[in-house]
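S.K.: This is the structure, below, for whatever I ask next.
The values are calculated or read from the model by the stated rules, or taken from the named source; none is laboratory data. Bear in mind that the values here come from a model prediction, so they are computed numbers and not experimental data. Every residue, glycine among them, receives a Cβ derived from its backbone with ideal geometry; neighbour counts consider all protein chains shown.
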Amino acid sequence: MDSELNRRDFLKKAGVIGGALSLAGAAAAGFGAGRSRDSYTGWGRTAYGGDQFFNRKPFLADKPTYVQTGTPRRIEYIEDLFKRLGELRRLMNATEGPRWTFDQGAEALPGPLRNYYREHPGALEQYKIALEKGREQRANWPEYENEFLLAEAYSSAHASFLSGSFPAQPQGPPEVSDFRGITETNLKLKSPRHGSDLIKQITHTFGASLVGICRLKQEWVTQGFLRGVGRTEFDVPAHWKYAVVIAVPHEWDSMYANPTYGNSYDAYSMLRFISGKLEVFIRKIGYSSRSHFPPTSYEIAMPPVAIDAGLGEQGRHGVLITPELGANTRLAAVTTDMPIEPDKPIDVGIKKFCDKCKICAEECPSGAISFAGRPDKDVRGYRRWGIDQEKCYTTWNSVATSHSRGCRICLAVCPYSRKRNWMHNIVRQVDPRDPTGLFASAMLTMQKKFFEYPGAQEYLPPPDGNNRTYLGPPKWLRTDEWFDI
Ligand code: SF4
Ligand code: SF4
């Protein structure tokens, strides 16, 4: 009896374990498939750091799950709620000719609308109720506006892309344009720390990879041209107190295939959206704001502001290098008078590493980057490595593709521009903690010995070079993978 019980117990447990194993197997398979680019799902990171995916391959069906009950036909525009109501509103607010009112009923409406409401009795009455509810909703809003301030601001920020030019270009001096559309509120932030935590969280949900905050130093504000005003010498507006600095990377694989397969605008377009939405959000919670984003919509110099905000250090190539994204870091900012807590700058040894590395200088086709052992140029009161902008721009115009007017080889070859994996994560953690510099030297030797670099001229088209890229292009950007050429 005992043994039978044990056996049954065993079988039961085995069943549970078997089930658990199957589930674990399914989960592992799903994990693998979901991470695969072929699965079309689960590529993106959520604002909370993880991938979300579902392996749909085991569930592929021969036909969709909707049910056909008659002869299908195309959708009439009038069947779309918002198009239908738009037509009705135009008739109700007509500026020429008689206006339609609910009292006239469906029979007084023009053809398609009349037919629709004939076939849907009660729908007009329902719309009338909805309009009355909308009026009540607006009248009751003062009762709720404090409670839902953030939800309303968040929604408005996302909805602002609907306006013709997004974000709205500044019109007039900053003292006017940066305050346009501000919500008047009697609410007081609990503390500057609450302010900065809130802004960072919101900005990450907008798609930012990195967010830092600094007090804005006067010397980082450009002079001579002010959006909304034009050519002018101007004092830094008093309300440009802080800069919220935002960073995103270029798509990694096309970035590695610079100069010919990379582009600048993948990151620029994201930055425009993120900073534009943040501008709207901040105004909707009661403070002034102005977004600054590439390629040319800014009044502040981005790398030093990002350094002040603790995002990283400036490399030999003049580009900001962050521990997370390396030189594959593109920047935007929002200036504001919202009381927020600034971050501290960081020193993770990047500048020291640049003293020895010089890979970007060796690979630069134009010779624009300095080879000096230490920063060698004084620019507006600060010392940095010199960059010859004209030579750099000449390379932009020399490489085989002009689609994005750029080169970006120095971003691609920089040893800090590495994707997230265990090996690179170890390097990221160990190097900044090694006071001797030996680890960095060993890494640099490995980098130069084991990784092939095409060589500066090879990136140029024939006869000077061979249109080489730092790493090979991703399959999805190779024309010959998809077209017969
Ligand atoms: S973008 Fe190209 S040409 Fe310009 S500095 Fe970088 S590597 Fe040199
Ligand atoms: S390639 Fe080397 S020298 Fe150039 S910025 Fe990167 S780490 Fe510094």
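S.K.: Filter the helices (runs of 4 or more DSSP H) completely within the range 347-461 down to those with at least 2 residues that are within 15 Å of ligand 1 (Cβ to nearest atom) and either in contact (Cβ under 8 Å) with a residue 40 or more places away in the chain or not charged (D, E, K, R) (or both).
M.R.: So the answer is 350-357, 359-363, 389-396, 409-413.
S.K.: For the range 302-351, what are the residues that are under 26 Å from S441 (Cβ atoms), more than 10 Å from ligand 2 (Cβ to nearest atom) and of a type in the set (D, E, K, R)?
M.R.: Residues satisfying the conditions are E324, D347.
S.K.: Quickly run through the range 406-451 and pick out the residues that are hydrophobic (A, V, I, L, M, F, W, C) and away from ligand 2 (no atom under 13 Å from the Cβ).
M.R.: Selection gives C407, W422, M423, I426, V430, L438, F439, A442, M446, F450.
S.K.: Read through the list (1) buried (at least 17 other Cβ atoms within 10 Å of the Cβ); (2) under 27 Å from P461 (Cα atoms), then give the number of the only condition that L331 fails.
M.R.: Going through (1) buried (at least 17 other Cβ atoms within 10 Å of the Cβ); (2) under 27 Å from P461 (Cα atoms) one by one, L331 breaks only (2).
Each row is one residue, and each column tells you yes or no for (1) surrounded by 15 or more Cβ atoms within 10 Å (Cβ to Cβ); (2) in the same structural domain as F82 (by TED's automatic domain parsing).
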residue: G122; (1), (2): no, yes
residue: E125; (1), (2): no, yes
residue: I129; (1), (2): no, yes
residue: E132; (1), (2): no, yes
residue: R135; (1), (2): no, yes
residue: A139; (1), (2): no, yes
residue: S163; (1), (2): no, no
residue: Q171; (1), (2): no, no
residue: S177; (1), (2): yes, no
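S.K.: If we scan the range 278-291, do we find a residue that is surrounded by fewer than 20 Cβ atoms within 10 Å (Cβ to Cβ) and either modelled with pLDDT under 95 or more than 17 Å from S165 (Cα to Cα) (or both)?
M.R.: Yes: one or more hits.
S.K.: Also: Go through D388, D355, D337 for me and flag whichever is modelled with pLDDT under 95 and out of contact with any helix residue (DSSP H, G or I) (no Cβ under 8 Å at 6 or more places or on another chain).
M.R.: D355
S.K.: Could you check how many residues of the range 211-267 are small (G, A, S) and within 24 Å of C360 (Cα to Cα)?
M.R.: 6
S.K.: If I ask for residues that are of a type in the set (V, I, T) and either assigned by TED's automatic domain parsing to the domain that holds Y382 or surrounded by fewer than 16 Cβ atoms within 10 Å (Cβ to Cβ) (or both), which ones from the range 184-204 would you list?
M.R.: Across the range 184-204, the qualifying residue is only T185.
S.K.: Being more than 18 Å from the chain's Cα centre (by Cα) and under 25 Å from P170 (Cβ atoms) is the filter here, so list the residues in the range 235-286 that pass it.
M.R.: Matches in the range 235-286: D235, V236, P237, A238, H239, W240, K241, Y242, R283, K284, I285, G286.
S.K.: Given (1) within 30 Å of Y154 (Cβ to Cβ); (2) more than 15 Å from ligand 1 (Cβ to nearest atom); (3) crowded, with 20+ Cβ neighbours inside 10 Å; (4) of a type in the set (A, V, I, L, M, F, W, C), identify the lone condition not met by W252.
M.R.: (3)
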